[in-house]
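Below: one structure, written as structure tokens.
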Amino acid sequence: RAVYGVRFENVDISVDNQKTNSAIASINQNALLPSVNLTYSLTEKTNIRGSYFASVNRPEFRELAPFSFFVFEKNAEIRGNPSLEIATLNNFDARYEWYPKGGELISLGGFYKHIDNPIELSLDVTQPFTTFTYQNEQSATIYGVELELKKKLDFLGGAGFFQDMAVYGNLSLIKSSLQFKEGSQAKEDRPLQGQSPYLINARLQYENPDNGWSWNISLNTIGRRIAFVGVDPDYGDTRQDIYEAPRTVIDMQVGKTFKNNINIKLTVGDLLHNDFIYYQDGDQDGKYTDPAQPGSGDRLMYISKIGYTTTLSLSYSF
């Protein structure tokens with residue numbers, strides 16, 4: 001089976017200063033975006049899929065406009081860049097799928113992306129105070145593998161508790177790299193800003209339509225990623241990349257349905273309420289070490305301490 005097509009887009013973006021009657025930024029560009037999705041059924045329960053599609057990432061007004069706005073929690077300013085260009089992406093994906101039975105899936109896939117003119121949020125090292133801005137690099141590549149699982153737990157027992165339970169999981173291992181513009185002061189072999197080396201999602205779910213009870217608990221965790229691009233430590237030790245440390249989130253929800261039309265749900269989000277930690281990897285060991293510990297060369301830039309969220313909802317279906 002093949003699903004394919006092409007989309008044509010024309011974008012005309014302009015940022016003007018009406019008080020001075022002057023043009024600030026202008027982008028007028030055509031984009032031809034083809035896509036194709038191929039599926040081959042090996043058996044009734046197995047598929048091989050392959051796909052390609054092109055896409056674009058356009059700068060927004062705030063990213064283009066050259067004015068600064070203060071970000072209180074970062075004690076810094078963010079300034080737009082009127083010279084930004086549109087990023088263009090070519091995306092490839094291949095996947096093997098196995099459906100053991102209804103509602104179950106095991107799949108293994110790989111993906112590859114090439115980006116021209118990737119847009120990154122960066123430290124503006126020319127400013128005396130901490131200022132972030134947006135910039136294009138020459139190109140970037142992203143590739144990796146992904147494992148996905150949807151499995152019922154009825155094999156753990158006969159009629160009863162496990163009949164109504166299922167587990168869902170997703171694991172991605174990702175590698176990204178950049179090609180820098182001539183004269184760039186970026187650190188070599190660094191990943192793309194915002195890209196984690198791994199992502200893990202898991203959920204355990206229970207749902208019984210007879211007694212009306214349902215609950216689920218989910219987990220999400222990411223590897224460390226660059227939050228703000230800096231420069232190679234050789235060009236400024238205190239202006240190097242700022243990383244976001246790994247963080248795990250666990251959410252839980254319990255629900256009850258009465259008379260098939262009244263539903264009440266209690267949701268508790270971020271049970272672990274781990275801190276958001278942003279730091280510079282001063283000792284270049286690939287991990288965060290509390291600067292208060294002996295021998296640590298890391299610099300803590302920002303830390304956000306948050307609590308968990310609780311939501312209680314009641315709905316009635318007519």
Pairs returned, first residue in segment 48-77 that is in contact (Cβ under 8 Å) with a residue 12 or more places away in the chain and closer than 30 Å to Arg1 by Cβ, second residue that is part of a loop (DSSP other than H, G, I, E, B) and open to solvent by less than 60 Å² (accessible area, probe 1.4 Å), beta-carbon separation under 9 angstrom, 6 or more apart or interchain, are Val56/Ile86; Asn57/Ile86; Asn57/Asn117; Asn57/Pro118
Residue by residue through segment 293-318, note down the ones that are open to solvent by 90 Å² or more (accessible area, probe 1.4 Å), more than 28 Å from the chain's Cα centre (by Cα) and over 30 Å from Asn260 (Cβ atoms).
Gln293, Pro294
Kindly list the number of the only condition in (1) more than 27 Å from Tyr134 (Cα to Cα); (2) at pLDDT 95 or above; (3) of a type in the set (Lys, Arg) that fails for Lys259.
(2)
Restricting to segment 77-92, count the residues that are over 23 Å from the mean Cα position of the chain (by Cα) and within 25 Å of Phe276 (Cα to Cα).
1
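Kindly provide the set of residues from segment 44-57 that are open to solvent by 80 Å² or more (accessible area, probe 1.4 Å) and not aromatic (Phe, Trp, Tyr), ordered by number. Show your work before the answer.
First, the residues of segment 44-57 that are open to solvent by 80 Å² or more (accessible area, probe 1.4 Å): 44-45, 53.
Of everything in segment 44-57, those that are open to solvent by 80 Å² or more (accessible area, probe 1.4 Å) and not aromatic (Phe, Trp, Tyr) turn out to be Glu44, Lys45.
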Among the residues that make up segment 78-99, is at least one of them basic (Lys, Arg) and free of Cβ contacts under 8 Å to residues at least 24 places away in the same chain?
no
Tell me yes or no: at least one residue of segment 208-224 is buried (at least 17 other Cβ atoms within 10 Å of the Cβ), among the small types (Gly, Ala, Ser) and touching a Pro at 6+ places or on another chain (Cβ under 6 Å).
yes
Enumeration of residues in segment 229-256 that are open to solvent by less than 20 Å² (accessible area, probe 1.4 Å) and either farther than 30 Å from Thr131 by Cβ or in contact (Cβ under 8 Å) with a residue 60 or more places away in the chain (or both)
Val229, Gly230, Val231, Gly236, Ile242, Gly255
Looking at this structure, is Phe69 under 28 Å from Gln138 (Cα atoms) and open to solvent by 70 Å² or more (accessible area, probe 1.4 Å)?
no
If you check every pair at least six apart or on different chains, which have Cβ atoms under 9 Å apart with a residue in segment 207-218 that is more than 8 Å from Gln253 (Cβ to Cβ) first and a residue that is of a type in the set (D, E, K, R) and assigned to a loop (DSSP other than H, G, I, E, B) second?
Gly212/Lys259
Starting from residues that are farther than 30 Å from Gly109 by Cα and outside any strand (DSSP E or B), keep the ones in segment 1-43 and report whichever is least open to solvent (accessible area, probe 1.4 Å).
Thr20
Among the candidates Thr289, Thr310, single out the residue that is in contact (Cβ under 8 Å) with a residue 24 or more places away in the chain and of a type in the set (S, T, N, Q).
Thr310
Name the single residue, out of those in segment 31-66 being out of contact with any Asp or Glu (no Cβ under 7 Å at 6 or more places or on another chain) and of a type in the set (Val, Ile, Thr), that is nearest to Ser14 (Cα to Cα).
Val56
If you check Ser184, Ser177, which single one turns out to be open to solvent by 30 Å² or more (accessible area, probe 1.4 Å), among the polar types (S, T, N, Q) and closer than 21 Å to Tyr52 by Cα?
Ser177
Is segment 87-98 home to any residue that is of a type in the set (S, T, N, Q) and more than 25 Å from Ser177 (Cα to Cα)?
no
Residues that are open to solvent by less than 30 Å² (accessible area, probe 1.4 Å) and outside any strand (DSSP E or B), drawn from segment 103-123
Glu104, Pro118
Being of a type outside the set (A, V, I, L, M) and over 19 Å from the mean Cα position of the chain (by Cα) is the filter here, so list the residues in segment 251-272 that pass it.
Gln253, Gly255, Lys256, Thr257, Phe258, Lys259, Asn260, Asn261, Asn263, Lys265, Thr267
Within segment 93-102, does at least one residue satisfy the condition of being surrounded by 15 or more Cβ atoms within 10 Å (Cβ to Cβ), farther than 18 Å from Gln185 by Cα and under 18 Å from the mean Cα position of the chain (by Cα)?
yes
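The values are calculated or read from the model by the stated rules, or taken from the named source; none is laboratory data. On a predicted model such as this, the values are computed, not experimentally measured, just so you know. Quick reminder, even Gly has a Cβ in these numbers, built from the backbone with ideal geometry, and neighbours come from all protein chains shown. All accessible areas refer to the heavy atoms of the entire protein, side chains included, with ligands and DNA or RNA removed. Shrake-Rupley method; radii C 1.70, N 1.55, O 1.52, S 1.80 Å.
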